[in-house]
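Below you'll find the structure, written out as C-alpha cells, and then a few comments.
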Amino acid sequence: MKLEPVIGLEIHVQLKTRSKMFCGCSNRGEFEPPNTAVCPICLGHPGALPSVNREAVRMGIRIGLALNGKIAHRTKFDRKNYFYPDLPKGYQISQFDQPIVEGGRLSFSVGRGGEQRTETVELERVHLEEDAAKLSHSPDGRHSFVDFNRGGTPLAEIVTKPDIRSPESAKAFLQELRLVMRYLDVSDADMEKGHLRCDANISMREVSDDPKRDGPAARLNPKTEIKNLNSFRAVEQALEHEIRRQTALWEEGNPVSEQSTRGWDEGKRETVIQRTKEEAHDYRYFPEPDLPPLELSEMTEDVRLRLPELPDSRRNRMVEEHGFTAEASRTICDDRHLADYTERVMSELAEWVTSAESGNWEEKRAETAKLASGWILTRLAGVMAEHGIDIRILKITPENFAELLTMIRGGKVTGPNAMLILEEMALSGQDPSQIMDERNLGQTDDTEGLERTAAEIIAANPKAVGDWKGGKQASVQFLVGQMMRATKGKASPQLVREIIERQLGS
Ligand SMILES: [Zn+2]
C-alpha cells in the first residue's frame, strides 16, 4: 500500500489599504501605540454602522484577476458569529456564499536547476473579511492584553483546492503567491510580520498501484487543519511532521477518522492537538444587514485595465527581451524593485554600448546581459547586504551602473578595481569615471612598464619560477597575484598573465 498526502491551504493576506475594512481608522495601526487607531465602528459599539472600503474591494478584484478567478457580478458580506476577546462585536464580517472571487489557479516552479518542474494549484475562492484584534499575554501567564489597532484590518482569504501533493510544493506555491501579492502591490506579504498567514489542511489517502484504477484514491479522508504557520519553513516542517504522524497511524491500522485542528510547536518541531470536530465552532453565518450587496462589473473592468505585469510573464520577458538566462531572470524577478532597477540598467546599457561600440546590439545582448546579471546579483547584492542598503534607496543611478559596466566591458578598469568603485558609488552616489580618476583606479595601458615589473617579479621569485619549470602550472597564478598587487589592481589580469607566461617561456 502506498499513501499520498492531500494538502490544501488557506491564506490570509493583509491588504495595505490606507484605512480599515469598514471604518476610516488608519490601517497602519501596527506602527502606532496600542488602541489608538480605533473608533466606535471597529470597537463594535452598539449602533455604529460599517461601510465598505472601496480600495479593499479593488484589491480583492486585482487578486482575483491575477489568479485567473471569476470575479462575482454581485457579492455580499456575512456575519460569522463567535465569541472571543479579540472580537468586540461578537462576530466577524466576512463573506460566506457569495465571495468576491470564485475559482482560479496559480502555476509555480518547484525545485531549482535541472530538477525544476511546473505545477498548478486550483483555487476554491477568494473572499474579503476583517481581521480580529491582537492578543498578547504576560510572561507569567496572569494577564492578557488586547490591541484593537489590528481589529478591522482588511484581509483577503485565499482558499486552494486540496491539490497539493507535497510539503515542498506547498512552500513553493506560497512563495509564488507572496510574489504575486507584491507585484500587485496589495500587501507587503511578509510572513514573519503576519501580513501573510497560512493554515494548512492535510489528510493521507491510499494510491492504487494500478494507475488506471481510481478506487480509493478518489476519496478524501478526514482532514487535519494546522493553524497559524508563520514562516515558509514552518509550513514545510509542520506538513512533513503531519505526514509522518498520519502515516504511522495508518501503519498501526488506525488512520485519522475525524476532523481535528492542530497547532505547530516551533520549539518541539511537532504539531499538537487543539480541538476535535465535536468542539468545532458553529458560526451560524447570516447576511450582514448593515452592508448592501455590491455590484462589481464596472469596477472589475476598470481594475482589469490597470493590472500590472505579473512575475511569470516578467520572467519570460526578461529572457526574451534582454537576453538573461532563465535562472538569472528568476532570481532578478523575485524582487520587483530589483527587476525594475535591472531593466533600467539594461536600457541605459543598450544606449551606451550602441553609441560607444560598432556592431549590432542584438548580437551583443546576451553577453551584456550576462555581465549585468553577474554584477547585479553577486557584486551589487553583496555591497548592498554588507552596508544594509535596500534597492529602493540605492544611490547608484541605473545610468551610473550602466556606465561602470561599459567601463569594465571596454577594459578601462579591472574587475577588482571596478569592485572598489562600485562600493564607493553605493556609499557616495558619485559617478564611476569620477571615482576612477580621483582615486587613480583606471586600468593601465603602460605595457612597457608592465614588462619591466614582470621581469622584476620573476627575478624576485626564483622558487615559483623553478616550480613552473618543474611542470607546476599553478605557480603562474602566484606570479600574477604578485603583479596585481604591485600594480594595485590596475593591470588587466589577462594581460599580466600573457606577459608573465611569455617572459617565463623565453
Ligand atoms: Zn475604526
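For this structure, a couple of remarks:
- Using only side-chain charges placed at the Cβ, +1 for Lys and Arg and -1 for Asp and Glu, the dipole size of the chain relative to its Cα centre rounds to 480 debye.
- Within the chain, helix-based [θ] at 222 nm, where runs of 4 or more DSSP H residues each add -39,500 (n - 2.57), nearest 500: -12500 deg cm²/dmol
- Farthest toward the positive end of the dipole of the range 2-291, out of HIS281, CYS198, GLN237, is the Cα of CYS198, where the dipole comes from beta carbon charges about the Cα centre.
- Once Rg and the Kirkwood radius are both taken over the C-alpha atoms of the range 247-348, their ratio Rg/Rh works out to 1.24.
- Projected area, mean over directions - the chain, Cα convex hull, nm²: 35.0
- The long axis of helix 54-66 is offset from the longest Cα principal axis of the chain by roughly 70 degrees.
- Most positive-pole-ward Cα, PRO139, ILE408, PRO167, against dipole of the chain from beta carbon charges: PRO139
- Too-long pairs where the Cα-Cα distance tops 25 Å, listed order kept, from LYS70/LYS277; LYS161/LYS277; LYS2/LYS171; LYS80/LYS134; LYS76/LYS223; LYS412/LYS463: LYS70/LYS277; LYS76/LYS223; LYS412/LYS463
- Among GLY24, GLY449, GLN116 the positive-end extreme of the charge dipole of the chain (Cβ point charges): GLN116
- With respect to the chain, whose longest principal axis is taken over its alpha-carbon atoms, helix 361-374 is tilted by about 70°.
- As a calculated quantity, the FRET efficiency between ARG317 and SER358 at R0 = 22 Å, using C-beta atoms, amounts to about 0.20.
- Between helix 167-184 and the chain there is an angle of about 80 degrees, using the helix long axis and the longest principal axis of the Cα atoms.
Values in this text are rule-based calculations from the coordinates and carry no lab data. Computed from a predicted model, the values in this text were never measured in an experiment. Please note: Cβ atoms are built from the backbone with ideal geometry, for glycine as well, and neighbour counts cover all protein chains shown.
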